[in-house]
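This is the structure I want to talk about, given as structure tokens.
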Amino acid sequence: MSQPTFSALGVNAKIVSVLEKQGIDSPFPIQIDTLPDTLAGKDVLGRGKTGSGKTLAFSIPMVSVLADGRGQVRGAKPRGLVLAPTRELATQITNTLQPIAEAMNLRVTTIFGGVSQNRQVQALRDGVEIVVATPGRLEDLVAQGFFKLDAIELTVLDEADHMADLGFLPVVTRILNATPRGGQRLLFSATLDNGVNKLVERFLTNPVMHAVDEESSPVTQMTHHVFEVKDVESKKELVRKLASGSERRILFMRTKHHAKKLAKSLTQAGIPAVDLHGNLSQPARDRNLAAFSAGTARVLVATDVAARGVHVDGVDLVIHVDPPAEHKAYLHRSGRTARAGAEGSVVTICLPEQRSDLKQLLRKAQINVSPVQVSANSEEVNALVGEVREYVKPKPVERQQQNRNNSSGRRSQNKRPVAGQKQGSGSSSGSGSRRSGSKPYSSAGRPGQQRSQRQQGAKQHSR
């Protein structure tokens, strides 16, 4: 029996045309299963891991339902809402939604923290039909009166299990409570634990459930390896060798400091690398992800903050430089490769003292692989590295920064004191230090309303 086409599933011809121009001419299993129900207006619970095609599975019905109009005035209020746990995922969803929405004369905007809210507020004032948002910033804009939820016809909750892991469910619950009861709701999640099932029971009406794979099962196109090294120095050599290949790869670390340090070390060794972690500003995150997507940096060194939020095709190797703390993190990290039906490999580097903990973690993740003792020049390592890309001379960033600092210092020394002010007193330094230490989102909070420490922490993370 032949596989059905998007057209046969009831997808609008204009949307089909856009997908074909992107090289997407046949639907994935989760799209085949869910589209007939979502396009018919039913609430759907979709279970499938990252890379299974979930984003298009809810983007297509989102655009199709809203394009029908239902008598609504264009842009009067947002009518479609997608909630995502991280700013990176929100951006990726928007990138998928935008082309098909434009084909149907619908506008999309993205809302998340870490940046000024002014542009986001202006986009809402100009009028949009679809909003993709992280929960924290969205709730702030609702509290300030910039966003109205009373016209939402279709709500999507993506990666609901990750929302639960990050402690966002109270915020998500308040947002869903504010949307109209008769609206259509789609929930996509890899698992149904940590309270996700309660969201389903409370907010989905007679949901149709579709699961394209076993819960928590690894992707079949993914090959797993455990490379055991004798000491820390051997580990450093192995990491550098694995990072030297010509294809994209993501290296996962446990801490922000070590991620930044490793990216810098690889770049200095002629292997262009960028880092991604919670300490980066939004412009820096965007810049580093753009470099990785474009291939100017073929290595991304990340902490777990990127395990769910980075959706870049063509990553052929994921390396757990530091083994994760638990099996779900292993699966989420590993899911950066073998996406969209492609093949990929996953390597976990293990020191002798980590052997026992790693064995338990892999058993919980249902990964059956035997450790192999290797060095940087082992045959197994060379086979995974493949073609080694040529050395790239690092830019003298530090020297340029030092020159700027020296120049700034000279200007400060040569600057004459203002009349009535002692040289070096810096009468405005007090206010300057207060500004530099202020919270970037303090103006977005709701005055007079108490929040629990957990909710506040979750909100900051979503930004």
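A short reminder: the numbers here are calculations on the coordinates, not readings from a lab. Fair warning: this is a prediction, and the values are worked out from it, not measured in the lab. For neighbour counting, all protein chains shown are included, and Cβ atoms are generated from backbone atoms with ideal geometry for every residue, glycine included.
Loop only by DSSP, 10 or fewer other Cβ within 10 Å of the Cβ. Give me the trypsin sites (Lys or Arg not before Pro) in region 160-255 that pass, ordered by residue number. All intermediate terms of the calculation are to be shown ahead of the outcome.
Numbers: sites: Arg174, Arg181, Arg185, Lys198, Arg202, Lys230, Lys235, Lys236, Arg240, Lys241, Arg248, Arg249, Arg254; in loops: Arg181, Lys230, Arg254.
For trypsin sites (Lys or Arg not before Pro) across region 160-255 that sit outside H, G, I, E and B with at most 10 neighbouring Cβ atoms in 10 Å, the list reads Arg181.
Then there's this: What span do the alpha-carbon atoms of region 222-385 cover on each of the three principal axes, reported in whole Å from largest to smallest?
Between the extreme Cα coordinates on each principal axis of region 222-385 lie 40, 30, 29 Å.
Could you calculate the contour length gain from Ala325 to Arg363, that is, 0.36 nm times the residue separation minus the distance between their Cα atoms, to one decimal place in nm?
Here the segment from Ala325 to Arg363 would lengthen by 12.3 nm.
What is the gain in length, in nm to one decimal, between Ser281 and Lys198 on full extension, counting 0.36 nm per residue of separation less the C-alpha to C-alpha distance? Mind dumping the intermediate values first?
Working: separation 83, 0.36 × 83 = 29.88 nm, distance 3.40 nm.
Here the answer is 26.5 nm.
Further, regarding this structure: At what distance in nm do the modelled label points of Met209 and Glu237 sit from each other, each positioned 7 Å from its Cα along Cα→Cβ?
In this crude spin-label approximation the distance works out to 5.2 nm.
Here is a further query. Whole Å is fine, so just give me how far the alpha carbon centre of region 224-273 lies from that of region 77-133.
Region 224-273 and region 77-133 have Cα centres spaced 35 Å from each other.
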